[in-house]
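Here's the structure we're looking at; comments come further down.
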Amino acid sequence: MSVPAYDPGPEQFQQFPPNRIIVIHPGSLYVRIGRASDLLPVKQLHCIARKRRPDGKIYRDPFVPPSIPKTKELIEELEECRLQISHTLQSCMQSNGARRYATPPQQIAAFNRRSLPEFVSDGEPWPQVECDIIVGDLVLDIDPELAYNIHFPYKRGDFNIHSEIGGSISSVLNDLYTIWSSIIEYKLGIPLIELVKYRCVLLIPDIYSRSHLKCLMSLLLKDLGFGHCFLVQESVGATFGAGIGSACVVDIGDQKTAISCVEDGISHKATRLRMDYGAGDVCQTLSWMFHKSAFPYKNWNENIPRDVMLMRNLYQNFCHVNLDVCGPQEKTFLVDHPGDIINKYTLQVGDECIISPLSLFYTDLLKITGPKTTKIQNRQPSDPEDPFDAEFLRETGRKRETADPTANESQQFETANEAQPTNNADEDIVVDTLEGGPGDIVSLAPGQVLGLDAAILQSIDRSSSEELKRKMYSSILIVGGGVKVHGLNLWLQNRLALQIPYTYKTEQLEIVTSPKDIDPASTVWKGAAVMSCLESAIELWINQSEWNKFGLKILRERAPFIW
């Protein structure tokens, strides 16, 4: 019997070669861009330097969340929190059963004051900079004395919008266009004119603003000129990258920590949380503690990009949560800045290398970079382009309820309860599960910032069913560049084990940090690459003509997340 030839239909619904799909994962510090067929993406600083006009205003985004003025009250709070963590560590045991002990900072400071730099060699001069616009890692090669403004288009995991020069939405989109197109052209070797033959997957935050998504779709399809594209939430990308069907995803970035419960490729809206802290803030607490103990590199300055990158490297290389490491440790590091000699420094460190990463649990230490908030996804303003959005559904839903007051009351009660995840007074008037209260992205409790363990418990607790909660407690996935601290997952596991409600303790609590040996900072990117090659992704693609014709409506219909 002859089998009829398979006709895959129009070009859009055919499998597309992975080497012609580009995956973009923007972050507050780095952007990762690569082909879906690549093992790893190209990683570059997500920033741009533009030459200032002779009379132009000076503007420079910092390379780390800036520390706030250290008032007497702030220093007391930081010191109190540091001592609290120190006492907790002293009450812990080492694996051999011996008690831990801490070396007083004064003793370490005495050593560091005597530590003098060793000359290694003459350094290189600053490279000659000719261009008006410089992007990515090359921004570090600009002499700080030169007249360049520096912009990071993302901050705290979202658009970096502010009232200074370069802070409007159009400026942010212009910067994104320049950075991304430059990496695609010069790092991936793809001429921009060819992009119409390519497709793009863009990773977006779990807690997003629809107006920003609209801008990003236009940037990809109209300005960059990709043939097709679709958007994926970061937490969903993480589960695909880890090869896990369902998980409570904890994404520790540089300036934000996002948590979301994902089940079969859908991020549950009520469970999404975003805290305004990440590895950059932890880095600042490390810097404060190093300077308390007489940091031997006296000229360190948080306003000099290369000094910040040096401190970030010390954080990555020295910090850990290993309770067997006790007492003072000697470490060395090089200071190699263009235009200066290369010096080697010897530094003695104590428990500050454990205390600083634990600031993710004891968030008072993170006050060094100012007050923080915890955000949740909430009702968003309507867009005239999308007449059948949630606002329309909410209004029609309300009318239907008025028309039939005897409709299944218990169902309405459950629905209302599900839609009231927060304790805001305004939330009592919720009608349906689609949205939960006025405003755009809402802060959970101003001034109160959840530590990592408390935020995970809060997120899972906001799940809609007991079954889902049980599933989430048994699978916690940690991704992002901020997680690369040895022993952090074990500390988190022990903290959660003590706090998980008794009902859910029957399951195995598993915390996954580097699934399939992928660098946790690239898990999300890898997941979007995997997802774009699946057969089921074929119907997600949105092409240029569809976007031009339908705009937001097509995104709501086709996006792989509930709009």
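The values are calculated or read from the model by the stated rules, or taken from the named source; none is laboratory data. Keep in mind that what you see is a predicted model, and the values were worked out from it rather than measured. Methodologically, a virtual Cβ is constructed for each residue, glycine included, from the backbone with ideal geometry; neighbour enumeration extends over all protein chains shown. Areas reflect the complete protein model, heavy atoms only, side chains present, ligands, DNA and RNA absent. Shrake-Rupley method; radii C 1.70, N 1.55, O 1.52, S 1.80 Å.
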Subject >> Label selected from (1) -0.75, -0.93, -1.03; (2) -0.45, -0.74, -1.28; (3) -0.47, -0.72, -1.15, the criterion being log10 I(q)/I(0) by the Debye sum over Cα atoms at q = 0.07, 0.09, 0.12 Å⁻¹ as computed here >> reply: (2)
**OP:** Count charges around C353 for me, please; just the other residues with Cβ under 15 Å from its Cβ, Lys/Arg as +1, Asp/Glu as -1.
**Re:** +2
Subject >> Exposure of C92 as accessible area (Å², to 10), given a probe of 1.4 Å and all protein chains >> reply: 30
Original post:
Projected onto the charge dipole of the chain (+1 at Lys/Arg Cβ, -1 at Asp/Glu Cβ, origin at the Cα centre), which of Y473, V64, S260 gives the Cα projection farthest towards the positive end?
Top reply: V64
Original post:
How large is the charge dipole for region 125-166, taken about the Cα centre, if only the Cβ atoms of Lys, Arg (+1) and Asp, Glu (-1) carry charge, to the nearest 20 debye?
Top reply: 280
Subject >> Total formal charge among the other residues, if their Cβ is under 11 angstrom from that of V325, Lys/Arg +1 and Asp/Glu -1 >> reply: -1
Original post:
Which pairs in the list K372/K469; K72/K484; K214/K372; K72/K298 are over 25 Å apart, alpha-carbon to alpha-carbon?
Top reply: K372/K469; K72/K484; K214/K372
Original post:
Given a 1.4 Å probe and the protein chains all in place, what does the accessible area of D324 round to, in Å² to the nearest 10?
Top reply: 70
Original post:
How would T503, T363 line up by accessible area, probe 1.4 Å, largest first?
Top reply: T503, T363
Original post:
Please identify the trypsin sites (Lys or Arg not before Pro) of region 11-118 that satisfy two criteria: DSSP loop assignment and at most 13 other Cβ atoms within 10 Å. Which are they?
Top reply: K57, K70
Original post:
Taking a 1.4 Å probe, which of M309, M217 shows the most accessible area, and what order do the others take after it?
Top reply: M309, M217
**OP:** Could you sort out which of K51/K197; K57/K344; K43/K222 sit more than 29 Å apart by Cα distance in this structure?
**Re:** K51/K197; K57/K344
Subject >> Dipole in debye (nearest 20) - the chain, about Cα centre, beta carbon charges: Lys, Arg +1; Asp, Glu -1 >> reply: 820
Original post:
Short version: what are the Cα gyration tensor semi-axes of region 176-272, square root of 5 times each eigenvalue, largest first, in whole Å?
Top reply: 28, 14, 13
**OP:** Can you send over the solvent-accessible area of L498, 1.4 Å probe, protein chains only, in Å² to the nearest 10?
**Re:** 140
Original post:
What trypsin sites (Lys or Arg not before Pro) in region 234-314 are in a loop by DSSP, with at most 15 other Cβ atoms within 10 Å of the Cβ?
Top reply: K298
**OP:** Would you work out if region 105-179 is rounded, prolate or oblate? Take a ≥ b ≥ c from the square roots of the eigenvalues of the alpha-carbon gyration tensor; rounded if a/c is under 1.5, else prolate when a/b is larger than b/c, oblate otherwise.
**Re:** oblate
Subject >> Positive-pole candidate from F16, A529, C353, dipole of the chain, charges at beta carbon >> reply: C353
Original post:
If you take the square roots of the eigenvalues of the alpha-carbon gyration tensor of region 58-150 and sort them as a ≥ b ≥ c, do you get rounded (a/c under 1.5), prolate (a/b over b/c) or oblate?
Top reply: prolate
Original post:
Antiparallel DSSP bridges in the chain: what percent, to the nearest 5?
Top reply: 75
Original post:
What value, in deg cm²/dmol to 500, does the helix sum -39500 (n - 2.57) over DSSP H runs of n ≥ 4 give at 222 nm once divided by the residues of the chain?
Top reply: -9500 deg cm²/dmol
Original post:
Largest first, how would S95, S211 line up by accessible area (1.4 Å probe)?
Top reply: S95, S211
Original post:
What is the sum of charges around S235, taking Lys and Arg as +1, Asp and Glu as -1, for the other residues whose C-beta is under 12 Å from the C-beta of S235?
Top reply: -1
